[in-house]
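S.K.: Structure provided below as structure tokens; questions to follow.
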Amino acid sequence: MTVDVTIPEIGESINEGFLAEWSKQDGATVAAEDPLLVLETDKITMNVTAEVAGRLEILVAEGESVQVGQVVARIDPTAAGDETPIAAEAEAAEPPAPAVREVPPTGADASPAPTADLSDLSPAVRRLVEENKLDPSAIKGTGKGGRILKGDVLALMKTPTTPAAEASAPPTASEAPPSPPTPMPGPTAVVDAGQRQSRKPMSRLRRRLAERLVQVQQTTAMLTTFNEADMSRVMALRSEYKDSFTKRYGVKLGFMSFFVKAVVDALKTVPEVNAFIEGDEIVTNHYYDIGIAVSSEHGLVVPVIRDADRLSMAGVESAIGELATKARDRTLGISDLQGAVFTITNGGIFGSLLSTPILNPPGSAILGMHSIKKRPIVVDDEIVIRPVMQLAVSYDHRIIDGREAVTFLKRIVDCLENPERLLLEI
């Protein structure tokens, strides 16, 4: 009797998703807990794993919209362990691999096929490696025992700096200067030198994200207030203690822990910001769950640091590191994304000098961090050069008035410019 592979329940507000990628081929033998597919929603990207071992029968193709509870595949447990015929059948039934960043080799300069041992690869994966002249030793396998899956090969091919792709596309005299790196890496399309435009369909996931962003703009009265912080004392404190901090706690001392602690202090000072609208009621949280926007190669997600007021600086840094790892490995659960009323986003790591961050529903406020730049400022009637960061807080004006928003952001600035406040809680 076969076992259905269904789209799991992800959260109360998520009813559909996007089947982005199959990690196994149709007809392949899978083990229990093996990753089967990558599911994308407007809130999370996650792996769906096999409940039992057996032969996989795929019912829904990559790129299709799927509903929660929908059957997308079946597993036949009676076929578990029958590797050879299944692999051969999968190779025969598998459609040609999609052309991702494909550039035809030129004459005698074409890269030779890798000489690494291919005997451990499944026929389908081996064919994909050989056709694209990839080195199996450079591919990180995510299958059982480190086995290389088709998804691992495609992920390497989608990387903009894939050595094979770069070697097969020598620059020409008419080639335009390279574009600066994008904050969100993804598949890179090859464009002809004389092409002035290119088009591609908007993915279902991107359309859903667009709908949510427009909904935020239409259903909230969003306003942004700005300020700036002299970061010299935080930077001096961090520079003095970062080595001993890492030695004692095993994590690096970054700027984010200072900001999380400053936000918690400000939320305690101005509790109106730690609230949200639910129907006709204003719900105020008396706990401090802080959302942290995390950029990964799969997209932007906002996991939540729980009870940040109870964590030490080391605890905050550890929590951020763990959430970032889970985002990268696609192991975040919906519970990791829920509960935050306030969010912090750091566009400064990509070079942003100033922005107006958009609210992350159901949150009512968000802090935008930006690049630290040396600027002349006046201190005690003298012009001095200090490292300054521009800060922005966007908020829902329906429940947060300007006085509260400005007071809140000013409190954050005070904590950053006088970090001893965070230690003494004054």
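S.K.: Could you tell me which residue of the range 25-47 is nearest to Leu300 (Cα to Cα), considering only residues that are under 17 Å from the mean Cα position of the chain (by Cα) and in a strand (DSSP E or B)?
M.R.: Taking the range 25-47 as the starting set, the residues that turn out to be under 17 Å from the mean Cα position of the chain (by Cα) are 38-47.
Remaining after also requiring in a strand (DSSP E or B): 38-40, 45-47.
Values: Val38: 16, Leu39: 15, Glu40: 12, Thr45: 9, Met46: 13, Asn47: 16 Å.
The residue in question is Thr45.
S.K.: Could you please give the count of residues in the range 363-411 that are under 22 Å from Ala221 (Cβ atoms) and touching a residue at least 12 places away in the same chain (Cβ under 8 Å)?
M.R.: Applying the first criterion (under 22 Å from Ala221 (Cβ atoms)) to the range 363-411 yields 363-368, 391-410.
Now restrict to residues that are touching a residue at least 12 places away in the same chain (Cβ under 8 Å): 363-368, 391-402, 404-410.
Within the range 363-411, residues that are under 22 Å from Ala221 (Cβ atoms) and touching a residue at least 12 places away in the same chain (Cβ under 8 Å) number 25.
S.K.: Same structure again: Return the residue satisfying two criteria in turn: it lies in the range 305-333 and is in a helix (DSSP H, G or I) and surrounded by 19 or more Cβ atoms within 10 Å (Cβ to Cβ), and of such residues it is modelled with the lowest pLDDT.
M.R.: First, pick out the residues of the range 305-333 that are in a helix (DSSP H, G or I): 308-310, 313-328.
From what's left, surrounded by 19 or more Cβ atoms within 10 Å (Cβ to Cβ): 308, 313, 316-317, 319-320, 323, 327.
Working: Ala308: 95, Met313: 93, Val316: 95, Glu317: 95, Ala319: 95, Ile320: 94, Leu323: 92, Ala327: 84.
The extreme case among them is Ala327.
S.K.: Oh, and also: Can you tell me how many residues in the range 269-281 are surrounded by fewer than 19 Cβ atoms within 10 Å (Cβ to Cβ) and either among the aromatic types (Phe, Trp, Tyr) or under 22 Å from Pro357 (Cβ atoms) (or both)? Give the steps one after another, and end with the answer.
M.R.: First, pick out the residues of the range 269-281 that are surrounded by fewer than 19 Cβ atoms within 10 Å (Cβ to Cβ): 269, 271, 277-281.
Imposing the further condition that a residue be either among the aromatic types (Phe, Trp, Tyr) or under 22 Å from Pro357 (Cβ atoms) (or both) reduces the set to 269, 271, 277.
Of the residues in that region, 3 qualify.
S.K.: Within the range 334-362, count every residue that is in a loop (DSSP other than H, G, I, E, B) and free of Cβ contacts under 8 Å to residues at least 40 places away in the same chain.
M.R.: Start the filter on the range 334-362 by keeping residues that are in a loop (DSSP other than H, G, I, E, B), which leaves 338-341, 351-362.
Subsequent filtering for residues that are free of Cβ contacts under 8 Å to residues at least 40 places away in the same chain retains 351-353, 355.
Number of matching residues: 4.
S.K.: Phe408 fails exactly one of the following numbered conditions: (1) under 30 Å from the mean Cα position of the chain (by Cα); (2) at pLDDT 95 or above; (3) farther than 30 Å from Asp280 by Cα. What is the number of that condition?
M.R.: (3)
S.K.: Scan (1) in contact (Cβ under 8 Å) with a residue 12 or more places away in the chain; (2) more than 26 Å from the chain's Cα centre (by Cα); (3) assigned to a helix (DSSP H, G or I) for the single condition Ala229 breaks and write down its number.
M.R.: Result: Ala229 passes all but (3).
S.K.: Check Gly368, Gly402 and return the single one that is under 24 Å from Gly339 (Cα atoms) and not hydrophobic (A, V, I, L, M, F, W, C). Steps first, answer last, please.
M.R.: Working: Gly402 fails: under 24 Å from Gly339 (Cα atoms).
Within the list Gly368, Gly402, the selection yields Gly368.
S.K.: Considering only the range 366-377, I want to know if a residue exists there that is of a type in the set (Val, Ile, Thr), at pLDDT below 95 and assigned to a strand (DSSP E or B).
M.R.: Going through the range 366-377, the residues of a type in the set (Val, Ile, Thr) turn out to be 366, 372, 377.
With the extra rule that they be at pLDDT below 95, the set shrinks to 377.
Subsequent filtering for residues that are assigned to a strand (DSSP E or B) retains 377.
Yes, the conditions are met somewhere in the range 366-377.
S.K.: While we're on this one: What number of residues within the range 376-398 are under 29 Å from Phe342 (Cα atoms) and among the charged types (D, E, K, R)? Lay out the reasoning, then the answer.
M.R.: Of all residues in the range 376-398, those under 29 Å from Phe342 (Cα atoms) come to 386-398.
Cutting the leftovers down to among the charged types (D, E, K, R) gives us 386, 396, 398.
Of the residues in that region, 3 qualify.
S.K.: Check off (1) part of a loop (DSSP other than H, G, I, E, B); (2) at pLDDT below 75; (3) β-branched (Val, Ile, Thr) for Val125 and give me the number that stays unchecked.
M.R.: If we test Val125 against (1) part of a loop (DSSP other than H, G, I, E, B); (2) at pLDDT below 75; (3) β-branched (Val, Ile, Thr), just (1) comes out false.
S.K.: Given (1) within 18 Å of Leu367 (Cβ to Cβ); (2) in contact with an Asp or Glu (Cβ under 7 Å, 6 or more places away or on another chain), where does Leu253 come up short, assuming only one miss?
M.R.: (1)
S.K.: Which is within 24 Å of the chain's Cα centre (by Cα) and assigned by TED's automatic domain parsing to the domain that holds Lys326, of Ser244, Ser295? Give the derivation first.
M.R.: Numbers: Ser244 fails: within 24 Å of the chain's Cα centre (by Cα).
Unique residue meeting the criteria: Ser295.
Let's see how each residue does on (1) charged (D, E, K, R); (2) outside the structural domain of Ile377 (by TED's automatic domain parsing); (3) in contact with a His (Cβ under 6 Å, 6 or more places away or on another chain); (4) buried (at least 18 other Cβ atoms within 10 Å of the Cβ):
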residue: Arg233; (1), (2), (3), (4): yes, no, no, no
residue: Ala236; (1), (2), (3), (4): no, no, no, no
residue: Phe259; (1), (2), (3), (4): no, no, no, yes
residue: Ala262; (1), (2), (3), (4): no, no, no, yes
residue: Asp265; (1), (2), (3), (4): yes, no, no, yes
residue: Gly291; (1), (2), (3), (4): no, no, no, yes
residue: Pro303; (1), (2), (3), (4): no, no, no, yes
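S.K.: Looking at Ser352, is it under 21 Å from Asp289 (Cβ atoms) and in the same structural domain as Val301 (by TED's automatic domain parsing)?
M.R.: On the way: under 21 Å from Asp289 (Cβ atoms): no; in the same structural domain as Val301 (by TED's automatic domain parsing): yes.
Considered against the rule, which asks whether it is under 21 Å from Asp289 (Cβ atoms) and in the same structural domain as Val301 (by TED's automatic domain parsing), Ser352 comes out as no.
S.K.: Of the residues Thr224, Thr219, Thr246, which single one is in contact with a Gly (Cβ under 9 Å, 6 or more places away or on another chain) and among the hydroxyl-bearing types (Ser, Thr, Tyr)? Steps first, please.
M.R.: Working: Thr219 fails: in contact with a Gly (Cβ under 9 Å, 6 or more places away or on another chain); Thr246 fails: in contact with a Gly (Cβ under 9 Å, 6 or more places away or on another chain).
None of the other options fit; the residue is Thr224.
S.K.: If you go through the range 290-298 one residue at a time, do you hit one that is acidic (Asp, Glu), over 25 Å from Ser394 (Cα atoms) and without any contact (Cβ under 8 Å) to a residue 12 or more places away in the chain? So that I can check it myself, show each step before the final result.
M.R.: Keep residues of the range 290-298 that are acidic (Asp, Glu), which gives 297.
Still in the running and over 25 Å from Ser394 (Cα atoms): 297.
This time we only want the ones that are without any contact (Cβ under 8 Å) to a residue 12 or more places away in the chain, so: none.
There is no residue in the range 290-298 that is acidic (Asp, Glu), over 25 Å from Ser394 (Cα atoms) and without any contact (Cβ under 8 Å) to a residue 12 or more places away in the chain.
S.K.: Which number in (1) modelled with pLDDT under 95; (2) touching an Asp or Glu at 6+ places or on another chain (Cβ under 8 Å); (3) closer than 30 Å to Ala20 by Cβ marks the one condition that Ile277 misses?
M.R.: Every condition holds for Ile277 apart from (3).
The values are calculated or read from the model by the stated rules, or taken from the named source; none is laboratory data. In this text the structure is predicted, and so the values were computed from the model without any measurement. FYI the Cβ positions are ideal-geometry reconstructions off the backbone, even for glycines, and counts take in every protein chain you see.
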